[in-house]
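Novice: Quick one: structure below, then a few questions.
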């Protein structure tokens with residue numbers, strides 16, 4: 001396999017010429033379609049900086065951290081953290097070569113707006129402290145506590161939204177699959193349809209050509225929308241849940257304060273998770289705002305289809321998606337999702 005990869009790289013250099021280095025860097029810095037390939041490229045060039053087309057150390061170090069931020073396949077995070085650990089290729093090179101100020105700033109910005117699993121931050125923090133950037137780790141911890149408290153207390157989700165979007169792993173996987181499908185269509189089926197329509201004749205009165213071009217534009221717009229969303233997604237399944245207050249990842253039971261009004265149960269999850277089960281409410285939904293951060297016994301007023309209704313929070317239970325999906329009944333008399 002190593003010999004085969006070496007021959008493949010040589011052939012690609014021959015085919016791409018001056019564009020080879022640009023292609024390598026593109027795969028490393030935009031890894032959503034093929035994180036395995038991006039990881040292998042980072043590993044190769046981190047240990048062989050003299051190879052043709054090798055990206056600069058700054059690109060490799062930043063790409064490694066940003067890959068770890070993503071929800072990548074099992075096995076890849078271990079390989080990437082090994083590069084940052086004691087004796088790892090990137091750790092050794094950064095220690096001796098140092099990072100330029102711009103890269104340090106980008107790395108700091110990535111950490112302070114971290115949207116991935118917090119479990120992966122431990123080896124990154126160790127790396128940062130080892131290369132003289134320990135203050136970034138300390139600042140992140142301070143900011144994380146402040147953001148978590150803001151979300152839990154329901155003061156506002158606006159600050160959170162500027163940094164990341166919370167969603168379950170199931171929704172993330174679904175959107176990632178859609179991204180890969182659209183990216184493939186933009187490279188294959190859609191160009192084929194455009195070319196076939198082009199061959200029909202006058203493009204000014206060619207309905208098939210116009211339809212194919214419109215489909216291409218719509219697909220490109222949706223692809224960019226998905227890339228932007230997934231790049232700043234935080235997986236709910238990896239977050240710490242505080243079930244002493246209503247928040248993302250909790251199920252809340254509400255008792256009405258007036259007669260003849262049914263009780264409600266909402267399962268508060270992330271953006272786009274409403275299709276996972278009946279009774280799911282997005283933490284960004286207007287109906288969820290008065291609930292966020294409240295404790296058992298608190299009275300809240302909710303805007304319902306028939307007008308404002310007051311409820312008391314009866315219970316709060318930590319609940320994440322699992323085998324019991326679909327077991328929550330939709331609340332009676334009100335939309336179940338948002």
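The values are calculated or read from the model by the stated rules, or taken from the named source; none is laboratory data. Please read all numbers here as calculations on a predicted model, not as lab measurements. Cβ placement follows ideal geometry from the backbone for every residue including glycine, while neighbour counts extend to all protein chains displayed.
Okay, residues lined up against (1) touching a residue at least 60 places away in the same chain (Cβ under 8 Å); (2) outside any helix (DSSP H, G or I); (3) out of contact with any helix residue (DSSP H, G or I) (no Cβ under 8 Å at 6 or more places or on another chain):
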| position | (1), (2), (3) |
| --- | --- |
| 3 | no, no, yes |
| 15 | no, no, yes |
| 39 | no, no, no |
| 52 | no, yes, no |
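Novice: Please find, among 330, 323, the residue that is modelled with pLDDT under 90, closer than 30 Å to residue 69 by Cα and not assigned by TED's automatic domain parsing to the domain that holds residue 176. Walk me through how you get there before you give the answer.
Specialist: Values: 330 fails: closer than 30 Å to residue 69 by Cα.
After applying the criteria, what remains is 323.
Novice: So, of the residues in segment 227-236 that are surrounded by fewer than 18 Cβ atoms within 10 Å (Cβ to Cβ) and in contact with a helix residue (DSSP H, G or I) (Cβ under 9 Å, 6 or more places away or on another chain), which turns out to be nearest to residue 191 (Cα to Cα)?
Specialist: Looking at the filtered set, the residue picked out is 227.
Novice: In segment 70-93, is there at least one residue being modelled with pLDDT under 90 and buried (at least 22 other Cβ atoms within 10 Å of the Cβ)?
Specialist: yes
Condition check ((1) in contact with a strand residue (DSSP E or B) (Cβ under 7 Å, 6 or more places away or on another chain); (2) under 29 Å from residue 68 (Cα atoms); (3) assigned to a loop (DSSP other than H, G, I, E, B); (4) modelled with pLDDT of 85 or more) across all residues:
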site: 224; (1), (2), (3), (4): no, yes, no, yes
site: 230; (1), (2), (3), (4): no, yes, no, no
site: 260; (1), (2), (3), (4): no, no, yes, yes
site: 296; (1), (2), (3), (4): yes, no, yes, yes
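Novice: Quick check, is residue 245 in contact (Cβ under 8 Å) with a residue 12 or more places away in the chain, closer than 15 Å to residue 181 by Cβ and either assigned to a helix (DSSP H, G or I) or not assigned by TED's automatic domain parsing to the domain that holds residue 182 (or both)? Walk me through it before giving the result.
Specialist: Working: in contact (Cβ under 8 Å) with a residue 12 or more places away in the chain: yes; closer than 15 Å to residue 181 by Cβ: no; either assigned to a helix (DSSP H, G or I) or not assigned by TED's automatic domain parsing to the domain that holds residue 182 (or both): yes.
Here the answer is no, as residue 245 does not meet what is asked.
Novice: Now a separate question. Quick check on my filter: what residues within segment 87-129 are under 21 Å from residue 229 (Cβ atoms) and in a helix (DSSP H, G or I)? Can you show your working first?
Specialist: Here is the first cut: in segment 87-129, the ones under 21 Å from residue 229 (Cβ atoms) are 106, 109-118, 120.
Matches in segment 87-129: 106, 109, 110, 111, 112, 118, 120.
Novice: Shifting gears a bit: What are the residues in segment 210-240 that are free of Cβ contacts under 8 Å to residues at least 24 places away in the same chain and either over 30 Å from residue 200 (Cβ atoms) or over 19 Å from the mean Cα position of the chain (by Cα) (or both), if any? Lay out the reasoning, then the answer.
Specialist: Step one: filter segment 210-240 for residues free of Cβ contacts under 8 Å to residues at least 24 places away in the same chain, giving 210-214, 217-218, 221, 224-225, 228.
210, 211, 212, 213, 214, 217, 218, 225, 228, listed by residue number.
Every residue, every condition in (1) part of a loop (DSSP other than H, G, I, E, B); (2) modelled with pLDDT of 85 or more, yes or no:
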site: 146; (1), (2): no, no
site: 159; (1), (2): no, no
site: 171; (1), (2): no, yes
site: 178; (1), (2): no, yes
site: 200; (1), (2): yes, no
site: 204; (1), (2): no, no
site: 234; (1), (2): no, no
site: 240; (1), (2): yes, no
site: 254; (1), (2): no, yes
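Novice: Moving on to the next point. Out of all the residues in segment 66-81, is one or more part of a helix (DSSP H, G or I) and free of Cβ contacts under 8 Å to residues at least 12 places away in the same chain? If you could, list the steps in order and put the result at the bottom.
Specialist: Quick first cut of segment 66-81, residues part of a helix (DSSP H, G or I) only: 66-69, 76-81.
With the extra rule that they be free of Cβ contacts under 8 Å to residues at least 12 places away in the same chain, the set shrinks to 78.
Yes, that holds for at least one residue.
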